[in-house]
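Q: Next up is a structure, given as structure tokens.
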Amino acid sequence: MNIPDELRYSSDHEWISRDGNTVTIGITDYAQDSLGDVVFVELPEVGQDLAASDTFTEVESTKSVSDIYAPVSGTISEANPALEDQPELLNTDPYGEGWICRIEMSDPSQYDALLDAAAYRDLTEG
Amino acid sequence: MTARQSPLVAQHRALDAQFVDFGGWEMPISYPTGTIAEHMACRTSATAFDVSHLGSIRVEGDDAFARLQSTLTNDLGKVSPGRAQYTHLLDADDGSVRDDIIVWWHPRADDEPDVFDVMPNASNTERVVDALGGVDSTASRAVIAVQGPDARAIVATVFPEAGAVGRFRVAHCTWESTPCTVGGTGYTGEPGLEIAVPADAAGPLWDALMVAGITPAGLGARDTLRLEAGLPLHGHELGPGITPLQAGLNWVVAWDKPSFVGRDAAVAERERGVTRHLVGIATEGRRPAREGSVVRVDGDDVGVVSSGNFSPVLGHGIAMAFVPPEIGIGRPVTVDVRGKELDGSVVEMPFVPK
């Protein structure tokens, strides 16, 4: 299972990449593998305010539907438009082209509390 | 209870399959290629499914024909040895479908007794044994379903006798000195074969089919394929409280047969008319309706989705639902998927024409 060292992770199997006060999020390789083929991603609404651990969108696979949780509090600043026609990017490139959205953090200290790669690896192998 | 395993479990592990519990069996749901690629391989070439979880009940002897004919809904007299038939076992009291079944009638010489392999859904095997008698021989064999437009041609390269078995035919075929039973049956809407092979020879046969270029496919693809083909799944479109007439399967009932289990209830429903029927719904966009989604017409709740998913061939959501009989082809509907209303309409099934 691919778990890049430079990313942070949530226990809901999302990855978080930070650039200043903005984070980019997506689902992990482990999550896409368990979901199976993704057929629909509900694009998050830009401008929506989120509290950490809110569910704010859904991913549908041929097997089931899965909620996406806010790993940090903040405001959605961008959603990945490519997912509208190519939701399978979550399977083929979960850490790259398959990013879901960007969030402008309201409390950057929440980022520091996220799991690092080693802790996330323990979680998935535990 | 520990899940039962197929004789092919080592093959699936070697192919890095993901497993799911289905009807008490641990079976592959997909392989690393993924459900959609497996689905498309079945529509365009050929895939192999391990369907060893289906039951096999051997019913034989002088009274075998009479037992099946007086219990199950379809008219076995319309077929003959060497043929397969789809049929139902009904509840004696309310006529609902306790199981949907494929019967393989083994070929035989005129002076030999009848041999049937009755193949129920995995979790219904016991109730079918109770209704028909016979011997549960499920553990003795694997069943490999090879399905797709190229299925027969590719099977013929490794198992020529099997490749020659026609649609809804049943034949005894020998693969490298192993006796198999092969039916021209399946559950995908594609041409294909189902090969019952003794458990100890199943692995080598599966491996040979893989080498011949057949794509392995799991229960995930089997489900999206049967949905596109408009085929019912027991527990969804058939089951407690659901009759053959409601599911649109009146052709499975031989109404002129003097007796079968549940006949009185079935005839009574036919006379008074059904209160709901199964329809296909095509929805706009990729988001699929799911089992339990409410169907509305002009804002009123009229029915519930029994199965729904994304159609890989059509590129949008498709679903089956039970709705009142006056709601027919072409009627605009909406489907409530966890609070989101999808626009759709009632369409002909199969969703994907043959």
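Q: Look at the stretch B:102-118 and say how many of its residues are touching a residue at least 40 places away in the same chain (Cβ under 8 Å) and either of a type in the set (D, E) or surrounded by fewer than 17 Cβ atoms within 10 Å (Cβ to Cβ) (or both).
A: 4
Q: Return yes when A:S11 is surrounded by fewer than 19 Cβ atoms within 10 Å (Cβ to Cβ) and not in a loop (DSSP other than H, G, I, E, B) and no when it is not.
A: no
Q: Within the stretch B:64-100, work out how many residues are polar (S, T, N, Q) and over 25 Å from B:G235 (Cα atoms).
A: Residues that pass the stated criteria total 1.
Q: Which residues, counting only those in the stretch A:60-84, are within 14 Å of chain B (Cβ to nearest Cβ), at pLDDT 95 or above and in a loop (DSSP other than H, G, I, E, B)?
A: A:T62
Q: So, in the stretch A:39-59, of the ones that are within 14 Å of another protein chain (Cβ to nearest Cβ) and over 14 Å from the mean Cα position of the chain (by Cα), which residue ends up surrounded by the most Cβ atoms within 10 Å (Cβ to Cβ)?
A: Across the stretch A:39-59, the extreme among qualifying residues is A:V39.
Q: State all residues of the stretch B:190-230 that are closer than 22 Å to B:S307 by Cα and open to solvent by 30 Å² or more (accessible area, probe 1.4 Å); if no residue qualifies, say none.
A: Within the stretch B:190-230, B:E190, B:D223 meet the criteria.
Q: So, one more: Within the stretch B:4-33, how many residues are in a loop (DSSP other than H, G, I, E, B) and under 21 Å from the mean Cα position of the chain (by Cα)?
A: The qualifying residues number 6.
Q: I would also like to ask the following. Is it true that B:G280 is more than 14 Å from chain A (Cβ to nearest Cβ), within 26 Å of B:S96 (Cβ to Cβ) and either surrounded by fewer than 19 Cβ atoms within 10 Å (Cβ to Cβ) or small (G, A, S) (or both)?
A: Yes; evaluated as a whole, the condition is true for this residue.
Q: Which of the numbered conditions does A:T92 fail, given that it passes all the others? Conditions: (1) away from chain B (no Cβ under 14 Å); (2) free of Cβ contacts under 8 Å to residues at least 12 places away in the same chain.
A: Condition (1) is where A:T92 drops out.
Q: Within the stretch B:304-354, considering only strands (runs of 3 or more DSSP E) that don't extend past its boundaries, which have at least 1 residues that are surrounded by fewer than 16 Cβ atoms within 10 Å (Cβ to Cβ)?
A: Because the criterion is at least 1 residues that are surrounded by fewer than 16 Cβ atoms within 10 Å (Cβ to Cβ), the strands (runs of 3 or more DSSP E) in the stretch B:304-354 that meet it are B:332-337, B:340-347.
Q: Can you tell me which residue in the stretch B:31-54 is farthest from A:V38 (Cα to Cα), limited to those that are open to solvent by less than 10 Å² (accessible area, probe 1.4 Å) and small (G, A, S)?
A: Checking each candidate, the answer is B:S52.
Q: Sticking with this structure for a sec: Looking at (1) in contact (Cβ under 8 Å) with a residue 24 or more places away in the chain; (2) touching a Cys at 6+ places or on another chain (Cβ under 8 Å), which is the one condition that is false for B:C173?
A: Tallying (1) in contact (Cβ under 8 Å) with a residue 24 or more places away in the chain; (2) touching a Cys at 6+ places or on another chain (Cβ under 8 Å), B:C173 fails exactly one: (1).
Q: Among the residues of the stretch B:204-234, write down those that are more than 14 Å from chain A (Cβ to nearest Cβ) and under 10 Å from the mean Cα position of the chain (by Cα).
A: B:L231, B:P232, B:L233, B:H234
Q: Still on this model: Filter the stretch B:62-75 for residues that are within 16 Å of B:W255 (Cα to Cα) and either assigned to a loop (DSSP other than H, G, I, E, B) or under 19 Å from the mean Cα position of the chain (by Cα) (or both) and give the result.
A: Correct list: B:L72, B:T73, B:N74, B:D75.
Q: Something else: For B:L209, indicate whether it is farther than 24 Å from A:D37 by Cα, without any contact (Cβ under 8 Å) to a residue 60 or more places away in the chain and in contact with a strand residue (DSSP E or B) (Cβ under 6 Å, 6 or more places away or on another chain).
A: The answer is no for B:L209.
Q: Can you tell which of B:T243, B:T224 is closer than 30 Å to B:A153 by Cβ and of a type in the set (S, T, Y)?
A: Selected residue: B:T224, the only one of B:T243, B:T224 that is closer than 30 Å to B:A153 by Cβ and of a type in the set (S, T, Y).
Q: Answer yes or no as to whether B:D99 is of a type outside the set (A, V, I, L, M, F, W, C), open to solvent by 10 Å² or more (accessible area, probe 1.4 Å) and not assigned by TED's automatic domain parsing to the domain that holds B:E194.
A: Taking the combined requirement at face value, the residue does not satisfy it.
Q: Pick from B:D117, B:D111: which is modelled with pLDDT under 95 and either out of contact with any strand residue (DSSP E or B) (no Cβ under 9 Å at 6 or more places or on another chain) or on the phi < 0 side of the Ramachandran plot (or both)?
A: Selected residue: B:D111, the only one of B:D117, B:D111 that is modelled with pLDDT under 95 and either out of contact with any strand residue (DSSP E or B) (no Cβ under 9 Å at 6 or more places or on another chain) or on the phi < 0 side of the Ramachandran plot (or both).
Q: Test B:D93 against the stated conditions and say whether it is modelled with pLDDT under 95 and assigned to a loop (DSSP other than H, G, I, E, B).
A: Considered against the rule, which asks whether it is modelled with pLDDT under 95 and assigned to a loop (DSSP other than H, G, I, E, B), B:D93 comes out as no.
Q: Let me ask another. Exactly one condition in (1) away from chain A (no Cβ under 14 Å); (2) part of a loop (DSSP other than H, G, I, E, B); (3) over 18 Å from B:N74 (Cα atoms) is not met by B:E291; state its number.
A: (1)
Q: β-branched (V, I, T) and either in a loop (DSSP other than H, G, I, E, B) or at pLDDT 95 or above (or both): is that true of B:T125 in this structure?
A: In short, no.
Q: Can you tell me how many residues in the stretch B:1-21 are modelled with pLDDT of 95 or more and either of a type in the set (A, V, I, L, M, F, W, C) or under 18 Å from B:L205 (Cα atoms) (or both)?
A: 14
The values are calculated or read from the model by the stated rules, or taken from the named source; none is laboratory data. Predicted, not measured: the structure shown is a model, and the values here were computed from it. Methodologically, a virtual Cβ is constructed for each residue, glycine included, from the backbone with ideal geometry; neighbour enumeration extends over all protein chains shown. For accessibility, only protein heavy atoms count, side chains too; no ligands or nucleic acids. Shrake-Rupley method; radii C 1.70, N 1.55, O 1.52, S 1.80 Å.
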